[in-house]
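A short write-up of the structure that comes next.
The numbers here are math on the coordinates, done by the rules we state, and not lab data. Being a predicted model, the structure only gives us computed values, none of them experimental. Here the Cβ positions follow ideal geometry from the backbone for every residue, glycine too, while neighbour counts run over all protein chains shown.
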Amino acid sequence: MCILARMKIEQNIALKSLLENPQKTVIVPHKSPDGDAMGSCLGWKILLEKIGHTATVISPDHYPNFLKWIPGSDEVLIYEDSPEVAQKHLLQADSIFVLDFNSLKRIGDMGDFIGDCKAKKIIIDHHRDPEDFADLLISYPEIGSTCELVYHLISTMGQSDLIDKNIATALYVGILTDTGSFRFPSVTPTTHKVVAHLIECGAEHSEISNKIKDTASLGRLQLLGIALNNLHYIEDLRTAYITLSTEELNSCNYQKGDTEGFVNYGLSIEGSVLAIILIENKQEGYVKMSFRSKGTFSVNDFARTHFNGGGHHNAAGGRIEKSLVETVEYLLEKLELCRGDLQVAY
Ligand code: 5GP
Ligand code: MN
């Protein structure tokens with residue numbers, strides 16, 4: 001079942017030789033890390049420690065509370081809180097693994113710092129169009145989550161026996177969240193075999209789902225109410241979009257992660273092929289956007305072309321330095337350009 005059987009032989013040799021001697025490693029998720037970013041970083045950290053390396057996970061910024069129970073979370077450093085401590089680790093590192101992203105721009109200032117570090121850089125990721133900054137690129141856009149990719153890497157390295165309850169739990173989190181609970185087209189029979197093995201290794205699937213899905217604050221649910229109330233559906237473009245202003249976020253005591261998953265509601269409208277959420281950050285002067293699509297319409301291309309972003313074919317993000325009202329206007333213009341594609345999308 002190892003999907004990486006065809007992993008480029010030179011990649012395999014390079015990874016093995018890199019990890020031959022004890023290393024000081026740092027592992028980095030993308031900004032605003034999600035379940036896949038944190039799950040893969042922590043699963044990989046525990047594995048690296050088990051095979052004799054030191055491993056420190058440094059997140060560029062804070063991550064949502066509903067992920068803070070993942071094994072190893074209590075040792076995660078936050079770059080924006082203590083840049084000097086984090087920079088010391090990065091300067092001393094022999095190797096820096098970046099997981100679940102492939103462009104240093106995605107981690108802001110921390111990316112500039114890492115770019116200048118002498119450590120070997122290794123990308124382990126499943127997004128398209130990786131940037132050329134790594135000494136070793138392990139990129140599989142066809143795999144649904146970085147956690148699944150990390151599982152295959154561990155297998156390829158002949159270390160499956162080391163997958164214990166903690167590693168299994170961390171990797172299960174990212175597979176669960178990045179597949180929309182096993183719904184997205186990226187899910188394959190192999191994904192289910194991986195998950196079956198993770199459960200055999202001790203991942204408690206029901207408890208993990210409860211911790212991820214059933215830990216909402218009252219504020220999050222109230223914000224969902226506002227989001228659904230603000231949902232617009234443009235029937236002839238088969239597109240739904242949601243806006244959330246800074247005032248609306250504040251009125252619900254917005255915490256990081258509270259809007260996770262809201263965008264998907266737009267795709268549950270019968271016939272819709274594109275859903276977008278626009279979240280205003282007035283203080284910083286930008287609007288953060290998430291894009292989701294069904295079928296042929298590429299939100300990766302749409303976000304890259306118009307919203308300084310990118311991601312996957314059916315799930316992407318971006319941001320733009322405009323007001324919320326201006327962004328909606330701009331979005332409507334850009335959607336109009338895609339009228340043909342949206343109408344024939346399936
Ligand atoms: P989300 O909408 O959940 O923030 O992100 C959806 C997907 O797009 C994730 O895989 C995420 O890593 C990617 N993504 C989000 N924002 C950006 C961005 O600004 N640039 C790029 N290249 N990818 C992004
Ligand atoms: Mn991912």
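Observations
- Full extension of the segment from Q222 to D81, taken as 0.36 nm per residue of separation minus the current Cα-Cα distance, would add 47.8 nm.
- Pair D164, S209: separation of 7 Å Cα→Cβ label points (nm): 2.7 nm
- Among E270, E207, E248: highest mean-square fluctuation, GNM of the chain, C-alpha pairs under 10 Å: E270
- Under 28 Å from K118, Cα to Cα: lysines that are on another chain or at least 8 residues apart: K8, K16, K24, K31, K45, K50, K88, K105
- Stretching Y346 away from F133 to a fully extended chain increases their span by 73.1 nm, per 0.36 nm per residue minus the current alpha-carbon distance.
- Gain on full stretching of the segment that runs from E329 to S181 - 0.36 nm per residue minus C-alpha separation: 49.9 nm
- Put simply, the convex hull of the Cα atoms in the chain casts, on average, a shadow of 16.8 nm².
- Stokes-Einstein diffusion coefficient of the range 162-282, Kirkwood radius over Cα pairs, 4 °C, 1.567 mPa s, in µm²/s: 79 µm²/s
- Among L274, L176, L15: highest mean-square fluctuation, GNM of the chain, C-alpha pairs under 10 Å: L15
- Taking label points 7 Å from Cα along the Cα-to-Cβ direction, E10 and L91 give a separation of 3.4 nm.
- Computed over the range 217-299: relative contact order in percent, which uses C-alpha pairs under 8 Å that are six or more apart: 27 percent
- Sequence-separation-based contact order of the range 272-346, relative, with Cα cut under 8 Å and 6+ spacing, percent: 30 percent
- Value of D in µm² per second that Stokes-Einstein yields for the range 288-346, Kirkwood Rh from Cα pairs, at 4 °C (1.567 mPa s): 113 µm²/s
- Extents of the range 100-190, largest first, come to 39, 29, 19 Å (Cα atoms, principal axes, whole angstrom).
- Under-5 Å amide H pairs with Y286, H placed in peptide plane, nonlocal only: N281
- Whole-Hz ³J(HN,Hα) from phi, Karplus 6.51 cos²θ - 1.76 cosθ + 1.60, for the range 14-25, glycine and proline x: 4, 5, 4, 6, 4, 9, 5, 10, x, 10, 8, 10
- Relative contact order of the chain: 13 percent, from C-alpha pairs under 8 Å at least 6 residues apart in sequence.
- J(HN,Hα) series, the range 137-153, from Karplus relation 6.51 cos²θ - 1.76 cosθ + 1.60, nearest Hz, glycine and proline x: 10, 10, 10, 10, x, 7, 8, x, 8, 5, 4, 5, 4, 4, 4, 5, 5
- Each of E270 and E20 was given a label point 7 Å from its Cα along the Cα-to-Cβ line. The distance between the two points is 6.3 nm.
- Most mobile listed residue (P29, P83, P189) in the chain, GNM with C-alpha springs under 10 Å: P189
- Here the Karplus curve 6.51 cos²θ - 1.76 cosθ + 1.60, taken at θ = phi - 60°, turns the phi angles of the range 235-250 into couplings of 4, 6, 9, 6, 10, 10, 9, 10, 10, 9, 7, 4, 4, 5, 4, 4 Hz, with x standing for Gly and Pro.
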